[in-house]
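Notes follow once the structure below has been shown.
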Amino acid sequence: MAFYNDDLIQQLKAHADIALIIERFVPLKKSGVGRFIGKCPFHDDRSPSMNVNPQLGIYKCFACGAGGDVFKFIMEHEKLDFKAAVEWVAQESGFSLPVLGEPEKTEITEERAFVRHLNELAANWFENQLSLNAPALEYLAKRGITEEIRHEFQIGYAPENPSDFISLAAKEGFSPRQVVKAGLAMEKENGGISDKFRGRLMIPIHNLSGTVVGFGGRIMKENTKAPKYMNSPETILYSKSDILFGLNHAKNFIAKEEAVILVEGYFDLISLYQAGIKNVVAVSGTALTDSHAKILARYAKTAYLVFDGDAAGKKATMRSLEIILPHNIAPRIFSLSKPNGEKIDPDNFIREQGADAFLEEIKKASDWLHYLSIEKETESPEEKAAFVNHAKTLIAAIQDVELKRQYLNLLSERFHTSRSLANVRPVAPKKKPTEGNLLPENNVPQVAWNTLSGVELRFVNLILKNADLWKPASRFFDLDFIAQNLPLLESPLLEELLGNGLALYAENQTIDLIKLHDSSNPPIPEILEGLPEEIWTGPNAQKEFLETLLILFKRKCDFFCNELKQKVTEESTLLRLEINLFSKAQQKLLKESNMGRIDGSFLFQKILENRNLLLEFHNRIQEG
């Protein structure tokens with residue numbers, strides 16, 4: 001499968017401001033130099049725990065562990081795969097991506113563009129027409145639709161005149177044939193073209209990113225032969241099997257609740273949403289599809305299906321079970337009725353009984369096994385066997401191994417059957433997860449911060465954040481020094497982080513912190529994310545760099561001396577005395593530097609000489 005190359009991905013990552021991207025979803029506040037904080041959207045964050053670092057191009061929540069780059073944030077927050085996240089970031093940050101694979105035909109590109117423009121033109125025009133039509137406004141008021149919700153869903157009105165929109169489109173430069181292509185006009189049997197939607201309340205249908213891709217129209221006149229609802233036909237932008245009405249509004253609420261309520265009608269959804277029940281989507285113009293279920297599985301672990309008692313409703317519910325279960329979503333089924341027992345749709349139920357009553361019905365929802373056992377005859381052994389076999393075909397389709405096991409246990413306990421799926425064919429073929437969906441679990445912190453030396457942590461931060469120190473640090477930690485295998489830092493993780501940074505400098509004459517973050521193995525990136533933000537002036541940075549080296553020299557001398565104490569030989573005692581004298585010399589240099597009595601260039605040369613002496617001590621200890 002064609003994909004964007006890594007160089008392009010890195011360019012986009014460098015181009016995109018992660019703080020601006022995240023701020024589209026989470027309010028951020030400046031925190032220190034070049035950093036921002038905000039409430040983490042991936043857990044119930046009561047105080048700002050998420051740190052956003054544009055310099056590194058990363059975010060990190062120090063409460064729940066969520067973190068990564070700008071693509072990871074969009075993947076997690078918007079429930080997109082990596083490719084879709086790349087394209088989302090590119091669009092939002094104004095970065096041009098090439099077309100993947102074969103060049104797209106010009107006519108297809110043009111059709112996609114004019115259909116999008118016509119949809120937007122129609123949505124705005126319908127909404128404006130509604131404000132001019134008193135009967136339509138009165139109808140919405142009777143249904144209890146507030147002005148706020150009306151605007152949020154861009155509800156509009158299509159006038160009765162058969163050519164109003166075609167005329168408007170013509171003024172904007174679109175031909176009648178293009179309006180037909182967009183699904184907004186249709187060819188008449190006796191020739192000519194007229195508007196498709198006339199005398200209808202208009203509800204735009206959006207894709208996940210909020211682009212208008214189609215419309216649903218509700219007839220205003222009663223007692224007419226025209227269908228009550230009319231939907232857009234499929235177009236280059238609108239595939240009914242891929243679009244769930246309202247998901248662009250509801251996706252974050254679904255993700256928060258980890259549950260979705262599936263309804264049939266536009267006004268079912270709008271009424272629930274207005275009542276504060278916002279984790280709801282509608283399947284309009286088609287039955288629930290595998291593609292719908294795959295999309296919902298990004299957000300929800302549970303799906304609530306409103307059960308309709310007629311034959312068609314039962315058939316649709318059964319089909320929904322077959323579609324939802326293979327995607328590891330647990331279906332729960334419930335029905336709505338008036339106090340007299342008459343069945344009622346969600347829109348009318350909310351208007352008559354309210355949101356609290358609806359939520360109570362949700363609590364009573366049956367798990368799918370219970371629902372299935374009620375709808376299927378299970379009295380005779382033959383009926384029970386047929387029911388069990390059917391239930392097992394549904395269980396066999398579940399991809400999650402543990403979930404499958406739990407349902408088998410449940411089936412066995414309730415209906416006294418075996419836990420085996422031998423010779424059971426899944427009701428729908430299982431699909432292997434694509435490579436893009438196999439994401440590592442990186443949210444668990446792996447660094448024991450309390451074990452890291454504060455001096456060493458500051459030293460590494462100092463070097464990485466100050467370009468003036470990259471060259472002297474590379475001179476000190478040169479290949480000869482590294483080859484001697486004498487770690488100056490006690491922490492192997494900090495030693496590795498510094499080594500990775502200096503290796504980048506040796507290769508590119510710069511230390512790109514984003515590249516360093518992306519090229520390092522865990523848990524090094526987590527350390528990099530946790531480095532404090534601090535600014536040093538040039539002279540202060542150089543002074544601290546040199547003085548820290550002297551401190552590290554002394555610490556290494558102490559380590560050597562402790563090693564030599566274990567050896568009770570005359571040679572080891574003499575070497576220990578020699579190292580003690582060397583250590584005192586480092587302390588003297590440190591004191592003179594602190595008092596400003598020594599030139600930085602001279603001190604660095606002295607440190608390079610003393611580094612060689614330290615290596616000599618190390619080799620003598622190894623040989624002894």
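Here is the figure for segment 553-578: residues that are open to solvent by 70 Å² or more (accessible area, probe 1.4 Å) and within 18 Å of LEU457 (Cβ to Cβ) total 0.
With respect to (1) in contact with a helix residue (DSSP H, G or I) (Cβ under 7 Å, 6 or more places away or on another chain); (2) basic (Lys, Arg); (3) more than 25 Å from PRO227 (Cα to Cα), the lone exception for LYS171 is condition (1). Of all the numbered requirements in (1) open to solvent by 40 Å² or more (accessible area, probe 1.4 Å); (2) out of contact with any Asp or Glu (no Cβ under 8 Å at 6 or more places or on another chain); (3) in contact (Cβ under 8 Å) with a residue 40 or more places away in the chain, ILE254 misses one, and that requirement is (1). Of all residues in segment 25-47, exactly one satisfies the criterion of being farther than 21 Å from GLU78 by Cβ, modelled with pLDDT of 85 or more and open to solvent by 60 Å² or more (accessible area, probe 1.4 Å), namely LYS29. The residues of segment 176-196 that are polar (S, T, N, Q) and in contact (Cβ under 8 Å) with a residue 24 or more places away in the chain, listed by number, are GLN178, SER194. Taken as a whole, the structure places ASP518 among residues that are of a type in the set (D, E, K, R) and within 30 Å of ALA66 (Cβ to Cβ).
Check segment 269-289 and report whether any residue there is part of a helix (DSSP H, G or I), buried (at least 17 other Cβ atoms within 10 Å of the Cβ) and of a type in the set (D, E, K, R). Explain how you work it out, then say what you get.
Here is the first cut: in segment 269-289, the residues part of a helix (DSSP H, G or I) are 269-274.
Those still in the list that are buried (at least 17 other Cβ atoms within 10 Å of the Cβ) too: 269-274.
Retained after the next criterion (residues that are of a type in the set (D, E, K, R)): none.
The answer is no; no qualifying residue exists.
When you look at ASN619, is it polar (S, T, N, Q), open to solvent by 10 Å² or more (accessible area, probe 1.4 Å), part of a helix (DSSP H, G or I) and at pLDDT below 90, yes or no?
Working: polar (S, T, N, Q): yes; open to solvent by 10 Å² or more (accessible area, probe 1.4 Å): yes; part of a helix (DSSP H, G or I): yes; at pLDDT below 90: yes.
When the stated conditions are applied, ASN619 passes them.
Among the criteria (1) closer than 29 Å to THR417 by Cα; (2) open to solvent by less than 60 Å² (accessible area, probe 1.4 Å); (3) part of a helix (DSSP H, G or I), the one ILE333 does not fulfil is (3). Checked against the criterion of being modelled with pLDDT under 90 and among the aromatic types (Phe, Trp, Tyr), the candidates PHE582, PHE553, PHE560, PHE604 yield just one match: PHE560.
If only one of LEU550, LEU546, LEU528, LEU516 is touching a Gly at 6+ places or on another chain (Cβ under 6 Å) and open to solvent by less than 20 Å² (accessible area, probe 1.4 Å), which one is it? Result: LEU516 is the single residue among LEU550, LEU546, LEU528, LEU516 that is touching a Gly at 6+ places or on another chain (Cβ under 6 Å) and open to solvent by less than 20 Å² (accessible area, probe 1.4 Å). When restricted to residues that are in a helix (DSSP H, G or I), in contact with a strand residue (DSSP E or B) (Cβ under 8 Å, 6 or more places away or on another chain) and buried (at least 17 other Cβ atoms within 10 Å of the Cβ), segment 363-395 contains 2. Regarding LYS181, is this residue more than 41 Å from the chain's Cα centre (by Cα) and over 20 Å from LYS221 (Cα atoms)? Judged against the criteria, LYS181 is not a match. Under the condition of being part of a loop (DSSP other than H, G, I, E, B) and either touching a residue at least 60 places away in the same chain (Cβ under 8 Å) or crowded, with 23+ Cβ neighbours inside 10 Å (or both), the residues counted in segment 197-232 number 6. Filtering segment 153-178 to residues that are at pLDDT below 95 and under 34 Å from the mean Cα position of the chain (by Cα) leaves nothing.
Within segment 583-604, residues that are closer than 12 Å to LYS543 by Cα have Cβ atoms under 6 Å from residues that are not in a helix (DSSP H, G or I) in these pairs: GLU592/ILE598, counting only partners at least 6 apart in sequence or on another chain.
The values are calculated or read from the model by the stated rules, or taken from the named source; none is laboratory data. Just so it is clear, the structure is predicted and the values come from calculations on it, not from any experiment. A quick note on method: Cβ atoms are made from the backbone with ideal geometry, for glycine too, and the neighbour counts reach across all protein chains shown. The protein model used for the area step is the full one, side chains on, heavy atoms only, and it has no ligands, DNA or RNA in it. Shrake-Rupley method; radii C 1.70, N 1.55, O 1.52, S 1.80 Å.
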